[in-house]
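The values are calculated or read from the model by the stated rules, or taken from the named source; none is laboratory data. Keep in mind the model is a prediction, meaning the values are calculated, not measured. Here the Cβ positions follow ideal geometry from the backbone for every residue, glycine too, while neighbour counts run over all protein chains shown. Each accessible area value is taken on the protein alone, full model and side chains, heavy atoms only, with ligands, DNA and RNA left out. Shrake-Rupley method; radii C 1.70, N 1.55, O 1.52, S 1.80 Å.
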Number of protein chains: 2
Amino acid sequence: YLPPTITDTSLRLSELRALMVSQNISVYVIPATDPHLTEYIAPRDARRAWITGFTGSAGTAVVSSTKSALWTDSRYWVQAERQMDCNWELNRGETTIVNWIMTETKEGETIGADPFVFSIVEWENYEKPLLQGKRQFVAKENNLVDIIWAAERPPAPTDDIFKIPDEFLGRTWQMKVKEIRTKMEENIYQPTAVLISGLDETAWLFNLRGNDIPYNPFFQSYTLLTADFIRLFVNESRLPADIKANLNTGCNTSECVQLKAYKDIRKNLQEYAKGNVKIWIGQEYTTHGVYGVIPESKLLIERYSPVQVTKSIKDSTEQKGLKAAHVRDAVAVIRYLVWLEKEVPTGRETELSGAHYLNNLRSEQMFSKGPSFETISASGLNAALAHYSPNNETNRKLSPEEMYLVDSGGQYLDGTTDITRTLHWGTPTTFQKEAYTRVLMGHIDLARSIFPAGTIGDVLDVWARHALWEAGLNYNHGTGHGIGNFLGIHEWPVGIGSGHTSRLHVGMFTSIEPGYYEDNEFGIRIEDIAMVVKAETKHTFGGVPYLTFEHVSLVPYDRKLIDVSIMNKQQIDWLNNYYEKVRKTMSPELQAQRLTEEYNWLQKHTEPFSHSVLVTYSLINLTGVLLGNLLLQGRLL
Amino acid sequence: YLPPTITDTSLRLSELRALMVSQNISVYVIPATDPHLTEYIAPRDARRAWITGFTGSAGTAVVSSTKSALWTDSRYWVQAERQMDCNWELNRGETTIVNWIMTETKEGETIGADPFVFSIVEWENYEKPLLQGKRQFVAKENNLVDIIWAAERPPAPTDDIFKIPDEFLGRTWQMKVKEIRTKMEENIYQPTAVLISGLDETAWLFNLRGNDIPYNPFFQSYTLLTADFIRLFVNESRLPADIKANLNTGCNTSECVQLKAYKDIRKNLQEYAKGNVKIWIGQEYTTHGVYGVIPESKLLIERYSPVQVTKSIKDSTEQKGLKAAHVRDAVAVIRYLVWLEKEVPTGRETELSGAHYLNNLRSEQMFSKGPSFETISASGLNAALAHYSPNNETNRKLSPEEMYLVDSGGQYLDGTTDITRTLHWGTPTTFQKEAYTRVLMGHIDLARSIFPAGTIGDVLDVWARHALWEAGLNYNHGTGHGIGNFLGIHEWPVGIGSGHTSRLHVGMFTSIEPGYYEDNEFGIRIEDIAMVVKAETKHTFGGVPYLTFEHVSLVPYDRKLIDVSIMNKQQIDWLNNYYEKVRKTMSPELQAQRLTEEYNWLQKHTEPFSHSVLVTYSLINLTGVLLGNLLLQGRLL
């Protein structure tokens, strides 16, 4: 007997092992990635989920002739236990995958994997130590799981690829191609081509989108761009005639897009690499599979491709689009907050019903294209897991007795949004208020920081943490990530404190999202999107502009959780200025959408905070000093 | 005719070129480093200076069959022009060395260099691009300059090596060896040996010092440490009998130090590497010369060796020593400040005479072993060059009309010191006061920051800059570096904002030294040494201690340059607490040294700053708010 949550994997595993024997492989490694190392993946790429039964987004399966093991992080342990049958053991970090393989194999044995689902670095992380241990890590280009999965495997997507409406475009694809070609010319290593592996990169470059992947409006593709030609590797039948016309596909000059079959990228690349060429690739989104066919001397490897880097600075139309999307998105979120305030006390709503309601509110906004990621709707202790999303087993009732964290976002034709608010409808504890206020203080300290253009995002991370650190508090995740225009919710290399972020320049957008998580109790995160803008400074040492952030998200924070007495004057001033901006921008939008209740709610929730506490403090200080002076002067002695 | 400042290098160059021809080398590269990549070098290692005539500390010479060129940074351009004859061209960054070589050579030609004066990384920085350009970069183990220099070359040092007195030692060398061996055992890569290339590492490990190098109390050596033996490569005749006895040199067990000739390191290492071994090295202080004899599979390379890392956390005796050295050092600096206040108005003193006077003051302090680096004594525009040191040509009179920057330090048997003060004896401009105060605000913000144990030093860099950034000001150097106990003035990997600093833990010492430099006008730097200590925080999230800094340098700042009106309450409080500590610690020391004038000066210069400006500001605020409230309530309408 198997419980209904569990998948029987016995047959799949025995078929996989038979294949492994026939190919002389002792161990086969199955990660949860796709050939473009995309954040979300299409169902047909969910090989790890199919072979194990475990559907969580992160985790790697490893199969030997006698054992099958899964590695995933702690937030998924319960789910994995519930979904996997007895063929599988769950490794909770007792050993690394490589060490496990070393124990399960002997010298000279071969470990196999599909090179198209490993990044260059991840492949080396297996290959090098296994080689040191005298094992071979070999690329098997035909994915063994696919062979077994066969007819059951979801088909390759055939949905039409569609174009972004002109009104949301600042640049034609020709202009973007020209920009990339200029970067190639300017590069001292003289690359002859750029290989574009990231799905968001090709989507952005050609102003096209698809439906292949949940939340990510991308389509399966590669692009090989040289000074002489542009080759787009995509299933041609998915391109309607008007798009083909727009892409200028009927010719072979440098201004035409040559369409090639998606599956031919490797062959084509191999052919191209025979010439006297240098191919520029970004390490983060290129797999060992395509990397491996290019001789090292013909590669120019950077962390991010020039397309990723160019994309990170939004043009004025993209800026406008992102801002407009956030105004409409704020309407949906404000409506949700108003609704929660009324509904939570009834005891009828849960994490799941709330998330569902919020998704619906977003879908009512103009240009909506669905959520930009799975909504994090987390009440009480569930919110202590930073990346929790509710499911039927964990679903918790929303209650005025608990804090509630909602992290959500939408895809709109003009921009992608992402915002987190943490709420309490009852009486928060002193510690909850302190922790929330310190998270907010960090959020504000970062938002109002000033820095020279070109400062690396990670440098600013400390601003978001110091108000917490001062009280011995902290959080274990990054502070910010870039975001796209109807593209990825997490767009690199823009960001703060994630260890791989780029220099900041005007026109970049990043989230600001410090938090605090008290295990088994509650979770706090305050997240907004902000744009990098020029700051007004008295001087400009070094001849560079000095920059700061401008908030693009426009939703007030929960007043009940803010303790202004521990905030400084600058923080309160910032907060009041922000509230003024929220009120000024959102009031007309709410009126235009005839949302009177929300309009009234907004006025109340954006009232300025007074400095009265500070003034009282100063008054006490002042009285003390006056008394002190009088005492010193002997007048009171 | 050659001016007296210039060295005639014609003969040297023609001899070098003859050697190059005989060895089939088209270009020869001569850097200014020694075989241990030490910060200062011994005269016998000053090959670049001898071949060019240019004596500056930084710069690389490159000689082809027809041309000779020198690369050095801008602070040395004037000096290089004055010291080099017409055989040499000075490259002011018009082209990189590698590109210059590419232009001066043809495909297939050979570029030679001594592998013992290149770090592993620096060697690759030549080898890789030259190989891409189809040139060979080859190691010539016999340094060609040495062959020509021959008898004229200063001899290898023969001075006795000496032992640190027991009172300043918290650990015997045996205890330190045991610590390193434990780290070897704990390392998952199972190294069998540690190769110690840094001169400060061997000096620290064996509690020995030497006089081979100016400012750095080191001696020429390598150490190869395994679980079974300890081999010290040093000229044996330099070790007095008592030191040999202490080192237990008469035996070959794991607790004895085997003495080997310094020159035999390469041979010995090659021999050892034949076994089934893994040799742990630190990249930063290992040359390509020794690295090159070990097969890659037998290397464990980290940025810093385990000795460097272990040394970075001072034991309680080392902490006590560093603190005590800074108390005595502060006496010398305070005496200098008092003297300057009286002498500068007479117009008789210069940068050089001041530096000389200060060095003398230090030498009068107990346990003094001379300056720890060349004193930076810089008046007016000279101080705008962050690393300026005065010479006869640039020497400037000290004047009440100009700001003056003095960055200096001493070697003492119990610790090394480093401190910078910036002064003005007349009337500073408003901008000078603002810039100075903002540098001080940054210094204080960093000093009072609180952070979880294990935070990487670089993360805190922004604290030292933000008060400057807010006004559009900045500085182009790192913010902090580690420091030794009668060892190097710059000790890595401890530090802040230099791009290669380690995680911070209690017992580490770092400088805090923000600055501001206005080209052709003035320079400001405020530098103190501080120790990492535990902070008192309400909570301790993550189960780690939260840390902060405790100042070890004890000299007041120039009051004339401080504008408290732009400082916040926390900064003024910190300053007043620091002054109280300076007064409390230094007053008895000055009295004990019978320095009455200095004692009185200190009382005056450590008087607390009042918050009066803040109070006035609050009062205005308060009045405004009261008026506002009254107005709101209609009472004044």
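On the stretch given as the range B:217-248, residues that are touching a strand residue (DSSP E or B) at 6+ places or on another chain (Cβ under 9 Å) and among the small types (G, A, S) total 2.
Those residues that are charged (D, E, K, R) and open to solvent by 10 Å² or more (accessible area, probe 1.4 Å), I need them from the range B:526-545; list them, please.
Residues of the range B:526-545 charged (D, E, K, R): B:527-528, B:534, B:536, B:538.
The answer is B:K534, B:E536, B:K538.
Based on this model, can you work out whether A:A58 counts as buried (at least 19 other Cβ atoms within 10 Å of the Cβ) and either over 26 Å from A:G198 (Cβ atoms) or of a type in the set (A, V, I, L, M) (or both)? Outline the logic, then answer.
Details: buried (at least 19 other Cβ atoms within 10 Å of the Cβ): no; either over 26 Å from A:G198 (Cβ atoms) or of a type in the set (A, V, I, L, M) (or both): yes.
When the stated conditions are applied, A:A58 does not pass them.
Among the residues of the range A:482-521, those that are within 16 Å of A:A386 (Cα to Cα) and open to solvent by less than 10 Å² (accessible area, probe 1.4 Å) comprise A:S511, A:I512, A:P514, A:G515, A:Y516.
Of the residues that sit in the range B:420-431 and are β-branched (V, I, T) and open to solvent by less than 10 Å² (accessible area, probe 1.4 Å), which one is farthest from the other protein chains (Cβ to nearest Cβ)? Walk me through it before giving the result.
Keep residues of the range B:420-431 that are β-branched (V, I, T), which gives B:420, B:422, B:427, B:429-430.
Next cut, open to solvent by less than 10 Å² (accessible area, probe 1.4 Å) only: B:420, B:422.
Details: B:T420: 19, B:T422: 17 Å.
The residue in question is B:T420.
How do the strands (runs of 3 or more DSSP E) wholly within the range A:28-109 filter down when requiring 1 or more residues that are free of Cβ contacts under 8 Å to residues at least 40 places away in the same chain and closer than 27 Å to A:I281 by Cβ: which remain?
Numbers: elements: A:60-64, A:68-71, A:88-91.
Answer list for the range A:28-109: A:60-64.
Selection of the range A:512-554 for residues being closer than 16 Å to A:I313 by Cα, more than 12 Å from every other protein chain (Cβ to nearest Cβ) and either assigned to a strand (DSSP E or B) or in contact with a Cys (Cβ under 7 Å, 6 or more places away or on another chain) (or both) yields A:I529, A:A530, A:M531, A:V532, A:V533, A:F549, A:E550. A:K560 fulfils the conditions (1) more than 13 Å from A:L446 (Cβ to Cβ); (2) over 16 Å from the mean Cα position of the chain (by Cα); (3) surrounded by fewer than 22 Cβ atoms within 10 Å (Cβ to Cβ); (4) within 13 Å of chain B (Cβ to nearest Cβ) except for a single criterion, (4). Can you find a residue that is of a type in the set (A, V, I, L, M, F, W, C), within 23 Å of A:A18 (Cβ to Cβ), buried (at least 19 other Cβ atoms within 10 Å of the Cβ) and assigned by the TED database to the domain that holds A:Y40 anywhere in the range A:122-136? Within the range A:122-136, none of the residues are of a type in the set (A, V, I, L, M, F, W, C), within 23 Å of A:A18 (Cβ to Cβ), buried (at least 19 other Cβ atoms within 10 Å of the Cβ) and assigned by the TED database to the domain that holds A:Y40. Taken over the range B:463-479, the criterion of being touching a helix residue (DSSP H, G or I) at 6+ places or on another chain (Cβ under 7 Å) and within 20 Å of B:F451 (Cα to Cα) is satisfied by B:W463, B:A464, B:R465, B:H466, B:A467, B:T479.
In the condition set (1) within 13 Å of chain A (Cβ to nearest Cβ); (2) touching a residue at least 60 places away in the same chain (Cβ under 8 Å); (3) more than 24 Å from the chain's Cα centre (by Cα), B:N476 is compliant with all but (3). The numbered conditions (1) without any contact (Cβ under 8 Å) to a residue 60 or more places away in the chain; (2) in contact with a Ser or Thr (Cβ under 9 Å, 6 or more places away or on another chain); (3) on the phi > 0 side of the Ramachandran plot; (4) more than 10 Å from chain B (Cβ to nearest Cβ) are all true for A:R503 except (3).
Quick grid of which residues meet (1) at pLDDT 95 or above; (2) outside the structural domain of B:G488 (by the TED database); (3) surrounded by 18 or more Cβ atoms within 10 Å (Cβ to Cβ):
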residue: B:V257; (1), (2), (3): yes, yes, yes
residue: B:W280; (1), (2), (3): yes, yes, yes
residue: B:H288; (1), (2), (3): yes, yes, yes
residue: B:K298; (1), (2), (3): no, yes, no
residue: B:E302; (1), (2), (3): no, yes, no
residue: B:V307; (1), (2), (3): yes, yes, yes
residue: B:K323; (1), (2), (3): yes, no, yes
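Screening the candidates A:E343, A:E349, A:E374 for the property of being acidic (D, E), in the same structural domain as A:L554 (by the TED database) and at pLDDT below 95 yields one hit, A:E374. Output the number of residues of the range B:128-152 satisfying the condition of being among the charged types (D, E, K, R) and within 14 Å of another protein chain (Cβ to nearest Cβ). The qualifying residues number 2. In the range A:283-339, what count of residues is obtained for those that are of a type in the set (S, T, N, Q) and in a loop (DSSP other than H, G, I, E, B)? Adding up the residues that qualify gives 3. You will find that of B:R17, B:R44, the residue that is assigned by the TED database to the domain that holds B:A139, more than 29 Å from the chain's Cα centre (by Cα) and open to solvent by 40 Å² or more (accessible area, probe 1.4 Å) is B:R17 and no other. For the residues B:Q571, B:Q593, the requirement of being modelled with pLDDT of 95 or more and either farther than 30 Å from B:S449 by Cβ or away from every other protein chain (no Cβ under 14 Å) (or both) singles out B:Q593.
The rows are residues; the columns are (1) of a type outside the set (S, T, Y); (2) farther than 22 Å from B:Q283 by Cβ; (3) open to solvent by less than 70 Å² (accessible area, probe 1.4 Å); (4) in a loop (DSSP other than H, G, I, E, B).
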site	(1), (2), (3), (4)
B:T158	no, yes, no, yes
B:R171	yes, yes, yes, yes
B:E179	yes, no, yes, no
B:E201	yes, no, yes, no
B:D228	yes, yes, no, yes
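Among the residues of the range A:329-337, some residue qualifies, meaning at least one is of a type outside the set (G, A, S), touching a Ser or Thr at 6+ places or on another chain (Cβ under 6 Å) and touching a residue at least 60 places away in the same chain (Cβ under 8 Å).
Output the residues belonging to the range B:449-463 that are closer than 17 Å to B:L575 by Cβ and crowded, with 24+ Cβ neighbours inside 10 Å. Even if it seems obvious, please write down each step before you answer.
Within the range B:449-463, the subset closer than 17 Å to B:L575 by Cβ is B:449, B:463.
Passing the criteria: only B:W463.
Reported count of residues in the range B:432-464, each being among the charged types (D, E, K, R) and either over 23 Å from B:D558 (Cα atoms) or within 8 Å of chain A (Cβ to nearest Cβ) (or both), is 2.
Checking B:L413, B:L446 one by one, the residue that is assigned by the TED database to the domain that holds B:S553 and buried (at least 24 other Cβ atoms within 10 Å of the Cβ) is B:L446 and no other.
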